[in-house]
Amino acid sequence: MARQKISNRFMRSNGGNVKNVAKMQVLGALVILGAGFCLAGCKSAPELTQAQALAMIQSNYAQAPATPITITVTDQGMQQGVSAKYWFETKRYPNGYWGDFTLTPDGKKVLKLMSGGDVIQWRPDGPNDQNFTIQVQTLVANHLKARDVADIQAPDDNTRVASYTEDLDFTGVPDALQGIAHDPGNKPSSSRHATFVLTNGAWTLQSVQ
């Protein structure tokens, strides 16, 4: 009878150990499985290099329609235009500082007036007015250019923001007209920011500001 009791006690004890081992195995498997899910879900985003960002920005510019350059012409630019023989004065008004300037054949080959026609009506408020301007537009159309990508920032895991410089492309624009386009009041270069988002595991350009 005593042996029977010992045997029953041993069976109960051994059965409990077996159950505990089984439970530990199940828990271990769940821990490993959970760790796998965590690694899959917490996988870090791929690096976005400056070269990659620049290539995407420039590709975006290349896909947009080519556009002419709008140039603001100041009093200094008017003098440069006369020297370059883009226009010449055809009328001077009694006040001494108003004038009409007509585009030359050479001028018509490289630019057009934003106001239309071929006569510049120069009407400053006074002889020392440095704020009056007119606008012309190149006949050549080009794409914008991007350069100097820097300061790539990560607002969150799926977003990157990069600063860069945007340049007007003066390919095909005569030097004299380029000089006018670099006078005060014009912006041949501008600071921009590009936003990139992670799409299907790869960075894509979302917007440019």
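The numbers here are math on the coordinates, done by the rules we state, and not lab data. What you see is a predicted model, and the numbers here were worked out from it, not measured in a lab. FYI the Cβ positions are ideal-geometry reconstructions off the backbone, even for glycines, and counts take in every protein chain you see.
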* Asked: By how many nm would the segment from ASP183 to GLN63 grow when fully extended, if each residue of separation counts as 0.36 nm and the alpha-carbon distance is taken off?
  -> 40.3 nm
* Asked: Tell me, ILE152, ILE69 in order of fewest to most beta-carbon neighbours within 10 Å?
  -> ILE152, ILE69
* Net charge, TRP203 excluded, C-beta distance under 14 Å - Lys, Arg +1, Asp, Glu -1 -> -2
* **Förster radius 45 Å - calculated FRET efficiency between GLN137 and SER44 (Cβ-Cβ, nearest 0.05)** => 0.40
* Say a paramagnetic label sat at a point 7 Å from the Cα of LYS109, along Cα to Cβ; which residues of region 123-153 have their backbone N under 15 Å from it? -> 139-140
* Net lengthening on full extension, ALA202/ALA51 (0.36 nm per residue, minus Cα-Cα) -> 52.9 nm
* Asked: THR90: net charge of surrounding residues, Cβ under 11 Å, Lys/Arg +1, Asp/Glu -1, itself excluded?
  -> -1
* Structure fact -> Between ASP151 and SER190, the two model label points (7 Å from Cα along the beta-carbon direction) sit apart by a distance in nm of 1.7 nm
* Report ³J(HN,Hα) in whole Hz for each residue of region 113-123, in order, from the Karplus equation J = 6.51 cos²θ - 1.76 cosθ + 1.60 where θ = phi - 60°; Gly and Pro get x. => 7, 5, 7, x, x, 10, 10, 8, 9, 8, 10
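Could you list GLU166, GLU89 in order of exposure, starting from the residue whose Cβ has the fewest other Cβ atoms within 10 Å?
Fewest-to-most Cβ neighbours within 10 Å comes out as GLU89, GLU166.
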* For TYR93, TYR61, TYR164, what ranking results if the residue with the fewest other Cβ atoms within 10 Å of its Cβ goes first? -> TYR93, TYR61, TYR164
* Could you tally up the Lys pairs in region 50-208 with alpha carbons closer than 25 Å? Skip any pair fewer than 8 positions apart unless they're on separate chains. => 13
